[in-house]
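The values are calculated or read from the model by the stated rules, or taken from the named source; none is laboratory data. It should be emphasised that the depicted structure is a prediction, and the values quoted were computed from it without experimental measurement. When we count neighbours, we look across all protein chains shown, and the Cβ atoms used for this are built from the backbone with ideal geometry, even at glycine. Accessible surface areas use protein heavy atoms only, side chains included; no ligands, DNA or RNA. Shrake-Rupley method; radii C 1.70, N 1.55, O 1.52, S 1.80 Å.
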Amino acid sequence: MNKILYFILFQLTAAITFAQDCKLKGTVLNEMGIPVTDASVSVFDAKNEGKGFVFTNSSGEFEFTLPCNQPYEIEIEQSGYETLVKKIELDGNKNEKLKLVKGTESISLQETIIKAQQAIKIKGDTVEYDADSFKVGNEEVLEDILKKLPGIEVENGKVYHKGKEITTITVGGREVLGGNTKLLNKNLPSDAVSKIQLNTKFKSNPFASSLQEDEQASLNIELKEDAKSLLFGNATIGGDSKDHADAQLKAFYFSEKMDATVINDFNTYGKEVFDREDYFSFFGGFSEFNAEGSIYSLRGGSSALNFGSNTNAAEMNTYNGAAHFGYEPNKKLKLSGFGLVNTNNIRYNSKIERYYNTLETPFTEVDEQQNENKLISAMSRLRLDYRPNDRGEFKYRINFNYTGNEDEQNVNRFRNNESVGYNTNLTDRKNFSLSQSLSYIQKIGRDHNIGFYVRHQYQKETPDLLMNAEEPMFNIFGNLTNIGGRYILSQNQNYITNTIQLYSVYNHLINNTTNLKLKVGTNFSVQDFENKIYDQGNLITQAVNGVNTISNTDFDYNETFADATITKKIGKFQADLGAGVSFFNEKVNYYNSPSVKFNETEILPHANLRYNFNNATSIFFNYNKGYSFPHAKDLTESYTLQSYRSIFAGNQDLRQALTHTSSLGFNHFNSFSFFNVFANLSYTQRDRSIQTASQFERVATDPNNPDAFTISQINTLLNSEYDDKTYAANLNVSKRFKKWYNVRFNGNVSYSDNFTYTNTITEPELQTVNNKSLSQNYTLTNTFTFKKRLELKAGLNASFSKFESLVSQEFETWRPFGDVAWSITDKLLLQSDFSYRIQNRDGSRINEAKELNASIRYNAFKKTYISFIAGNILGNNVIVSNSFNNNYVQTSTTDVLGRYFIVNLRYKF
């Protein structure tokens, strides 16, 4: 296996590595001796492999650096001229003069305009992509264009540049759709996009210099002229005769002072509208308190929402409605608002197989589940930016979020193919969040600036749970009441967090190469966690071991911090060196236990080093030391129910974990040669890391039969006595060898070495377990584009995972794939994708799945399109996933949406 991967990496590396020996320069002229600008110049070696691609500059000049003493072939193209091909023996530095001859072919005006456009332009710190230069005809939304841009990676609607997510995407310089980049990428029509501008040095502080704030990447989308000051978008209606429906309305309006967006989408066949990550990004959570240079060291404690298998469920209907407005009456004031309502109703069946092989007599437990999930959410955001003068700026944000999640699960449980009972589990979660932030940034003198920030968040969660079973579920509660042959456990929970943060950041530019940054601030978090467990509606006050089952935990947390960073630039080298001091105070009041207080002072150093070889190539190193403190749920003194298989027990002795994070990265982004590389190595070490300790136990289902039992587990958190280490590496490479051929390679490898605490079924005492896992994922994608009519993709995705603990397992997945998009005529588009997934466990085949989808779109009238969509044509009805634990190996099989055929009618306006 490794030999195959090494071979792939070697071949890819060999193809894109080039020596720097001789320079091949040239000037492209027309028949009159006048320089020809923006002509595309490609160089191929004796094997017809592309070695470079550039455009001529304003003087008609180009330059390549190539290995000496080899034959090459230069191909020059420009609209209105015949293609020139010339062979050259590069035995030293050469400077060629090349003349183009006027073409005799008849070329349409539209084709001439498109070919004459420069695909990529560099404007200072901004890379500007011409959208039409990358379109083939199969693009529907903005995301489809972004996937084809060199240096840009798109995954599930999120955009990445040099391995970092781009969180700021504007349209005409304005935030739309509440700043949610995924909604914009998946909804803005591609035919409205003119330019895509990548700003590689975006800063949230408008007065900060390059030395005063960490630079990030941002995207700005410029619309075509006919899309400005006009209402545009599309409306779609479709479905089949029986099971499925699809309806959409997307309307966009942009003018000089106002913009507005309305999105409505309803479908029943798994088309993604909103997923788990989108909810979390809107809720923000504690991650909001680490934004814009602030420091926050408390662990997050939000309840997990159950979204089911929303894009693959066998039965589903999903609705998403969103509206946005923006108003900019003058250059001083910007006002925008956003609201969203989303509903998901999902039904699917699944099977969970757990193989316990740590016993003398291994056995298998199987849970056959019927799942129904209902979710409704409402979100809104209001943003106000006010700049009273050119030296100050106010920003105000307020966000409201609500989510209701109801989940019903019916479970038939088996052990070694014999039934051991039936469960019904009902979960009702309601989450509410209100957050606000206010900031003011003031420019001081010519080069200095100071910012003042206030953030507040109130969040309330009520995840209630009811479990109805034929057999006892846990030993910890003793003899539960059996009424009518049923055991019923229920739980009511209430978790409230109230957090406020105040801090300030001051930048003092000492000289053109040196800056001093000072931070000072404080965080306050008050949390109240209440939990009660009932047996047949009667409150359980104590477990069999004397531990409380009633929780009423009040948690007060304060962190006061100060930090200083000196930034020094010496030529091409820049260093950010600093350290902070944080004062931590915690107080926990319990329902039936003494209060606990904790105080600590810590020094937190950090460093960022960067060396820029040139505008295209750089190397960097980062180091950071941080702490992670437990929250109210972690420290509760009682038991809480997690599921029908597990209970959580809080740990009052839990303390903070120390984390050392370092990374080394390299990136090369050459927009003219279409050669891009990003590589990163990272190492994370956690001292006293917060780890899960799991205690497994037998739960007898028949007192007269010792072989009749199920397995339950009690989880808690401990500070590990051993260091937790994680190593990770990733590599992204893309190269355009010819006008019609592009290759991309993505590789990720991670290795973790940590210690947890668990027992085996036969040995009840906890023991220390060393867990080691190695995960690898590689994707190679070849893209062929012919005359902007036909685009073919062929590639291979391979993933491997190896886990060593009390049990050892290896999984591997091979997935060759291919996509085709063919504009047969100007009105007819054919698209299809195919993948073949092979999954092995310990060398044995556990699953094969073939997936084929296809669609035909016909432009019946000027703005009217008819589409025929065929999904899951081969009828693959399940997906399989694997995971591992200290005690067992788990395989999950989930039913998915079967074969379907849909007809859509779309009107663009």
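For region 175-184, the criterion of being open to solvent by 40 Å² or more (accessible area, probe 1.4 Å), modelled with pLDDT of 75 or more and more than 21 Å from the chain's Cα centre (by Cα) is met by no residue.
Go through region 392-445 and report how many residues are of a type in the set (D, E, K, R) and touching a residue at least 60 places away in the same chain (Cβ under 8 Å).
First, the residues of region 392-445 that are of a type in the set (D, E, K, R): 393, 395, 397, 406-408, 413, 415, 418, 428-430, 443.
So of that shortlist, the ones also touching a residue at least 60 places away in the same chain (Cβ under 8 Å) come out as 393, 407, 413, 415, 429, 443.
Residues meeting the conditions: 6.
The lone criterion from (1) farther than 30 Å from Pro362 by Cα; (2) at pLDDT 90 or above; (3) among the aliphatic types (A, V, I, L, M) left unmet by Val896 is number (2).
Conditions (1) within 30 Å of Gly179 (Cα to Cα); (2) among the β-branched types (Val, Ile, Thr); (3) open to solvent by less than 70 Å² (accessible area, probe 1.4 Å), marked per residue:
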| residue | (1), (2), (3) |
| --- | --- |
| Gly339 | yes, no, yes |
| Asp367 | no, no, yes |
| Leu384 | yes, no, yes |
| Thr403 | yes, yes, yes |
| Arg415 | no, no, yes |
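Of the listed requirements (1) acidic (Asp, Glu); (2) part of a strand (DSSP E or B); (3) surrounded by fewer than 16 Cβ atoms within 10 Å (Cβ to Cβ), Asp226 misses just one: (2).
State whether the residues of region 686-703 include one that is crowded, with 20+ Cβ neighbours inside 10 Å, β-branched (Val, Ile, Thr) and within 21 Å of Thr617 (Cα to Cα). No, region 686-703 contains no residue that is crowded, with 20+ Cβ neighbours inside 10 Å, β-branched (Val, Ile, Thr) and within 21 Å of Thr617 (Cα to Cα). Number of residues in region 838-865 that are closer than 26 Å to Leu790 by Cβ, in a strand (DSSP E or B) and free of Cβ contacts under 8 Å to residues at least 40 places away in the same chain equals 10. Entry remark, region 750-805: residues being part of a strand (DSSP E or B), over 24 Å from the mean Cα position of the chain (by Cα), farther than 30 Å from Phe834 by Cα and not polar (S, T, N, Q) number 7 in total.
Condition test on Gln652, is it touching a helix residue (DSSP H, G or I) at 6+ places or on another chain (Cβ under 8 Å) and either without any contact (Cβ under 8 Å) to a residue 40 or more places away in the chain or open to solvent by 50 Å² or more (accessible area, probe 1.4 Å) (or both)? Spelling it out, Gln652 is indeed touching a helix residue (DSSP H, G or I) at 6+ places or on another chain (Cβ under 8 Å) and either without any contact (Cβ under 8 Å) to a residue 40 or more places away in the chain or open to solvent by 50 Å² or more (accessible area, probe 1.4 Å) (or both).
Restricting region 52-100 to residues that are among the aliphatic types (A, V, I, L, M) and more than 42 Å from the chain's Cα centre (by Cα) leaves a set whose member that is surrounded by the fewest Cβ atoms within 10 Å (Cβ to Cβ) is Val85.
Residues are listed down the side, and each one gets a yes or a no for (1) touching a strand residue (DSSP E or B) at 6+ places or on another chain (Cβ under 6 Å); (2) among the small types (Gly, Ala, Ser); (3) under 25 Å from Asn405 (Cβ atoms); (4) at pLDDT 90 or above:
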position: Thr318; (1), (2), (3), (4): yes, no, yes, no
position: Phe325; (1), (2), (3), (4): yes, no, no, yes
position: Leu335; (1), (2), (3), (4): yes, no, no, yes
position: Asn349; (1), (2), (3), (4): yes, no, yes, yes
position: Ile352; (1), (2), (3), (4): yes, no, yes, yes
position: Asn357; (1), (2), (3), (4): no, no, no, no
position: Phe363; (1), (2), (3), (4): yes, no, no, no
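Restricting attention to region 464-507 and to residues that are among the small types (Gly, Ala, Ser) and part of a strand (DSSP E or B), the residue that is least open to solvent (accessible area, probe 1.4 Å) turns out to be Ala469. Listed by position, the strands (runs of 3 or more DSSP E) enclosed by region 558-674 that each have at least 2 residues that are of a type in the set (D, E, K, R) and at pLDDT below 95 are 573-589, 596-612. The residue of region 149-167 that is modelled with the highest pLDDT, among those that are open to solvent by 40 Å² or more (accessible area, probe 1.4 Å) and not in a strand (DSSP E or B), is Thr167. Scanning region 797-817 for residues that are buried (at least 16 other Cβ atoms within 10 Å of the Cβ) and within 30 Å of Ser867 (Cβ to Cβ) turns up Asn797, Arg815, Phe817.
Scanning region 27-42 finds one or more residues that are farther than 29 Å from Val743 by Cα, in a strand (DSSP E or B) and either free of Cβ contacts under 8 Å to residues at least 12 places away in the same chain or hydrophobic (A, V, I, L, M, F, W, C) (or both).
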